[in-house]
Structure formats: structure tokens, C-alpha cells
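S.K.: Have a look at the structure that comes next, please.
Bear in mind these aren't lab numbers, they're just calculated from the coordinates by the rules spelled out. This one's a predicted model, so the numbers in the text were calculated from it and none came from an experiment. Glycine gets a Cβ as well: all are built from the backbone with ideal geometry, and neighbour counts include every protein chain shown.
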Amino acid sequence: MIRAVGLEFRKMRRLRSVPILVVLIVAVAALSSMMLFSGSARQSFDDPSAMPWTWLLMTYTLMGAMTSPILTSVLASRQTDLEHAGSGWLLAGSAGLTPGMLCRAKLAALSALLLPAIAAQTLLIIGAGRRQR
């Protein structure tokens, strides 16, 4: 299984999955923090009763809920399209990997990319909010 996950990481490098992930994460962070740059938001930073963090985190949650499935599906479809286009399922089978094992390896590799990316996205939003303060 470790060999299969390593193979998936090499495939992701060839597919340029990390640059695509970075672009999508930065885009979601930028869309989520757009409200910070409005005039009414800047006035509310000094007033704790206006709860500017509440609006920022709610916007981030809504943007994340709308874009996370798209982000995941883009990366997952790129991983599996490679197998369909190049007869990768048959080649993996000849190497002793069943289709289920290959899918689990893809899941583990994509999870290893998505987990830190979502954490970085959250830190970008918090950083943007602290910077505007």
C-alpha cells in the first residue's frame, strides 16, 4: 500500500496537482475575505458589538461549503482520468494492485494533500482578518 501511495504522489507531480490546489485555495481565501475590504467592514473593526469576525468566519464557511466539493472533485477526477486514459487499471492489476487498493491509495494521497491545504486556507483567512484589524 505504501508503494501505491508513493506512486500516486509521483502521478500527482506529473499532473501538477499541487499548483492547481494552491490556486484554488488562494482563490477561496480571496473570495472569503473580500468583505474585509468594504468600507462598512473597516468601520466595524473597532466596534466589538458589530462582530466582524463572525461575518468573516461565516463567509469563509459558506465559501468553503460551496468550493470544497469542487476542489476535491477536480483533483480526484484528474487522478482517475489518468487511469482511464492510459489503461492504468490494467497496468496496476499486472503489478498486483487491485482496483480497490488503487482507489484507497488515491484517497490516501489526496487526503495527504487536502488536509494541510484546508488548514493553510483557514490560516490565510485568519491572517487576512488580523491584518485588516
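S.K.: Treat each spin label as a single point 7 Å out from the Cα along the C-beta direction, and report the residue 113 to residue 77 distance in nm.
M.R.: 1.5 nm
S.K.: Specify which residue in the list 92, 27, 58 is farthest towards the positive end of the charge dipole of the chain, using unit charges on the beta carbon of Lys, Arg (+1) and Asp, Glu (-1), about the Cα centre.
M.R.: Positive-most Cα among the choices belongs to 92.
S.K.: Would you be so kind as to identify which of 5, 117, 17 lies farthest towards the positive end of the dipole of region 2-132, taking Lys and Arg as +1 and Asp and Glu as -1 on Cβ and the Cα centre as origin?
M.R.: 5
S.K.: When only C-alpha pairs under 8 Å and at least 6 residues apart count, what is the relative contact order of the chain, in percent? Show your work: numbers first, answer last.
M.R.: Numbers: 82 pairs, mean separation 59.0, N = 133.
That works out to 44 percent.
S.K.: Taking the structure as given and computing log10 I(q)/I(0) by the Debye sum over Cα atoms at q = 0.12, 0.17, 0.20 Å⁻¹, which label from (1) -0.48, -0.91, -1.16; (2) -0.42, -0.86, -1.22; (3) -0.57, -0.86, -1.06 fits?
M.R.: (3)
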